[in-house]
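**Q** Take a look at the following structure, please.
The values are calculated or read from the model by the stated rules, or taken from the named source; none is laboratory data. Please read all numbers here as calculations on a predicted model, not as lab measurements. Neighbour counts are summed over all protein chains in view; Cβ atoms, including those assigned to glycine, are modelled from backbone coordinates with ideal geometry.
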Ligand code: HPA
Ligand code: ZN
């Protein structure tokens with residue numbers, strides 16, 4: 001099954017590029033930029049990845065990304081991830097990035113944009129990957145700051161496929177960003193948002209009603225509200241579920257206890273994703289394999305999940321048709 005899951009063409013819709021920073025590259029970039037890390041070895045970094053919840057992860061995630069200073073750093077980070085993903089049979093990657101986290105460290109908006117765009121073009125040329133870019137706002141910072149980023153982005157918005165919403169969910173409801181997302185819609189930008197990861201099902205409803213999103217990131221707590229489940233099933237709004245992330249951040253105690261099978265049974269439009277693969281124990285292939293192990297899913301179930309992702313992706317109609325045909329033939 002491992003070999004078959006590897007050859008299955010997989011599209012990844014929920015990935016934080018800063019969460020692909022492996023400890024080896026963290027040390028290399030720290031050296032290049034004259035930054036001293038609070039760890040004395042790569043093993044010590046990995047040992048620190050023992051999270052109790054979302055916030056305990058976010059603390060290390062924001063600390064780790066401090067080694068990213070130049071456009072070349074962002075290009076190297078993304079290219080390293082694209083190579084690993086390509087080797088796992090990933091054919092399309094939508095990467096989120098957190099400009100506010102970099103601005104707060106004195107890294108200008110142009111730096112991640114330039115570096116990530118270079119890597120995206122190189123991956124399309126050299127690896128045959130298609131890619132999309134999602135500018136994510138930090139929900140635990142003021143909405144005015146997010147609005148300022150949108151205003152500053154200017155010409156770079158031409159290379160943005162969607163805006164998103166991430167970081168600490170509890171106490172930061174989607175409605176806090178109503179004005180920012182309304183502006184994004186006026187600018188013609190599609191919208192996605194993390195909701196129902198640690199926050200309640202009502203945040204999923206708010207993301208749909210107030211932010212007018214076309215996809216929900218995570219959404220695993222949706223099952224707590226039957227009316228919401230019916231609405232999600234009926235509207236086929238895609239949920240980008242991240243099994244290993246949910247396990248490592250203790251959203252679930254074991255993978256066997258994950259609501260994924262119940263969500264499938266409820267007829268929800270699900271996709272599998274890696275979220276922050278350097279922090280959560282593996283990329284797309286490991287997430288698919290973990291589901292195979294925990295739920296015993298057959299090939300048809302994995303084909304359906306792979307199809308859902310391609311159908312929900314930001315890509316050209318021609319590429320979508322081609323990838324759907326490849327999945328059907330797998
Ligand atoms: N949830 C919220 N914010 C994030 C995540 C996540 O899983 N990863 C990176 N930022
Ligand atoms: Zn995420």
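**Q** Under the condition of being in a helix (DSSP H, G or I) and within 16 Å of ligand 2 (Cβ to nearest atom), which residue from the stretch 196-212 is nearest to residue 134 (Cα to Cα)?
**A** The residue in question is 207.
**Q** Just checking, does the stretch 132-155 include any residue being touching a strand residue (DSSP E or B) at 6+ places or on another chain (Cβ under 9 Å), crowded, with 20+ Cβ neighbours inside 10 Å and touching a residue at least 60 places away in the same chain (Cβ under 8 Å)?
**A** yes
**Q** Restricting to helices (runs of 4 or more DSSP H) lying wholly in the stretch 1-84: which have 3 or more residues that are within 16 Å of ligand 1 (Cβ to nearest atom) and either crowded, with 19+ Cβ neighbours inside 10 Å or at pLDDT below 95 (or both)?
**A** The qualifying helices (runs of 4 or more DSSP H) are 54-64.
**Q** Further question: Of the numbered conditions (1) out of contact with any strand residue (DSSP E or B) (no Cβ under 6 Å at 6 or more places or on another chain); (2) within 25 Å of residue 65 (Cβ to Cβ); (3) surrounded by fewer than 20 Cβ atoms within 10 Å (Cβ to Cβ), residue 189 satisfies every one except a single condition; which is it?
**A** All conditions pass for residue 189, except number (1).
Conditions tested, residue by residue: (1) under 27 Å from residue 53 (Cβ atoms); (2) modelled with pLDDT under 95; (3) more than 20 Å from the chain's Cα centre (by Cα); (4) surrounded by fewer than 22 Cβ atoms within 10 Å (Cβ to Cβ).
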{"residue": "227", "(1), (2), (3), (4)": "no, no, yes, yes"}
{"residue": "235", "(1), (2), (3), (4)": "no, no, yes, yes"}
{"residue": "238", "(1), (2), (3), (4)": "yes, no, no, no"}
{"residue": "248", "(1), (2), (3), (4)": "yes, no, no, yes"}
{"residue": "273", "(1), (2), (3), (4)": "yes, no, no, no"}
{"residue": "278", "(1), (2), (3), (4)": "yes, no, no, no"}
{"residue": "293", "(1), (2), (3), (4)": "yes, no, yes, yes"}
{"residue": "300", "(1), (2), (3), (4)": "no, no, yes, yes"}
{"residue": "303", "(1), (2), (3), (4)": "no, no, yes, yes"}
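**Q** Right, next: Go through the stretch 90-195 and tell me which helices (runs of 4 or more DSSP H), entirely inside it, have 1 or more residues that are over 18 Å from residue 240 (Cβ atoms) and within 16 Å of ligand 2 (Cβ to nearest atom).
**A** Correct list: 99-103.
**Q** Would it be correct to say that residue 257 is crowded, with 22+ Cβ neighbours inside 10 Å and out of contact with any helix residue (DSSP H, G or I) (no Cβ under 8 Å at 6 or more places or on another chain)?
**A** no
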